[in-house]
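Structure record follows, encoded as structure tokens.
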Amino acid sequence: MSWQRTMAAALLAAAGIGVLPVAFAVEVGQPAPDVELPAAVAAAPKLSALKGKLVYVDFWASWCGPCRQSFPWMNEMQAKYGAKGLQIVAINLDAKRADADAFLAQLPARFGLAFDAAGASAKRFGVKGMPTSVLIGRNGEVLAVHQGFRDDERQALEAKLAAALATP
């Protein structure tokens, strides 16, 4: 196991999620798992209710440094492409909701949120690190999976969103 995978497993375990089996990992071209969106705010209670929209699912935690960089970008993308059919849903995996709320007080989200302290959604998606994002097409199929977030990736990620929105 590489040091990155070992570190990701340790971080997820610390968040109360545990080591996730590879068998659950989503792959491009496959249908996205339908998951409950617990304690959803400005999002549907279930992922399947968003079929017909381009959905950007982002798994995050309050202790995740790159998540702090991704939230302003996701706000910008939701504002820019929401009317064209984009729905961003960020699923928090903190064991304590208060930790997520403190993060959101500093970096408010203007997109859908869900809070999954049990980590069931992350297990279904095979999340191995924070943040992990999954782009789901209007037909419910996985278009892209991305782990991490860096400022130099913003343009490439936006290009994927724009291209997917241009496809009926």
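The values are calculated or read from the model by the stated rules, or taken from the named source; none is laboratory data. Because the structure is a prediction, the values reported are computed rather than measured. Cβ coordinates were reconstructed from backbone atoms using ideal geometry, including for glycine residues, and neighbour counts include every protein chain displayed. Heads up: the accessible areas ignore ligands, DNA and RNA and are worked out on the full protein's heavy atoms, side chains in. Shrake-Rupley method; radii C 1.70, N 1.55, O 1.52, S 1.80 Å.
With respect to residue 168, is the statement that it is at pLDDT below 95 and more than 14 Å from the chain's Cα centre (by Cα) true?
Working: at pLDDT below 95: yes; more than 14 Å from the chain's Cα centre (by Cα): yes.
In short, yes.
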Exercise. Could you please tell me which pairs satisfy a Cβ distance under 7 Å, a separation of 6+ or placement on different chains, a first residue in segment 121-134 that is within 7 Å of residue 147 (Cα to Cα), and a second residue that is buried (at least 23 other Cβ atoms within 10 Å of the Cβ) and among the charged types (D, E, K, R)?
Key: 131/58; 133/58
Exercise. May I ask you to verify whether residue 155 is surrounded by fewer than 16 Cβ atoms within 10 Å (Cβ to Cβ), more than 17 Å from residue 38 (Cβ to Cβ) and out of contact with any Leu (no Cβ under 9 Å at 6 or more places or on another chain)?
Key: yes
Quiz prompt | Matching residues, segment 43-69, being in a strand (DSSP E or B) and more than 19 Å from residue 81 (Cα to Cα) | solution = 46, 59, 60
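Being open to solvent by 30 Å² or more (accessible area, probe 1.4 Å), within 21 Å of residue 32 (Cβ to Cβ), at pLDDT 95 or above and not hydroxyl-bearing (Ser, Thr, Tyr) is the requirement here; does residue 128 meet it? Please lay out each step first, then the result.
Numbers: open to solvent by 30 Å² or more (accessible area, probe 1.4 Å): yes; within 21 Å of residue 32 (Cβ to Cβ): yes; at pLDDT 95 or above: no; not hydroxyl-bearing (Ser, Thr, Tyr): yes.
The answer is no for residue 128.
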Quiz item: What pairs can you find where one residue is in segment 153-168 and under 14 Å from residue 80 (Cβ atoms), the other is of a type in the set (Ser, Thr, Tyr) and not in a helix (DSSP H, G or I), and their Cβ atoms are less than 9 Å apart, with a gap of 6+ or different chains?
Solution: 157/56; 157/133; 161/56
Self-check item: helices (runs of 4 or more DSSP H) contained in segment 70-167 and holding at least 1 residues closer than 17 Å to residue 41 by Cα
Solution: 97-106, 120-125
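Working only within segment 18-39, note down all residues that are within 10 Å of residue 114 (Cβ to Cβ), open to solvent by 40 Å² or more (accessible area, probe 1.4 Å) and either among the aliphatic types (A, V, I, L, M) or modelled with pLDDT of 90 or more (or both).
Of segment 18-39, the ones within 10 Å of residue 114 (Cβ to Cβ) are 35-39.
When the remaining residues are screened for being open to solvent by 40 Å² or more (accessible area, probe 1.4 Å), the result is 36, 38-39.
The one that is within 10 Å of residue 114 (Cβ to Cβ), open to solvent by 40 Å² or more (accessible area, probe 1.4 Å) and either among the aliphatic types (A, V, I, L, M) or modelled with pLDDT of 90 or more (or both): 39.
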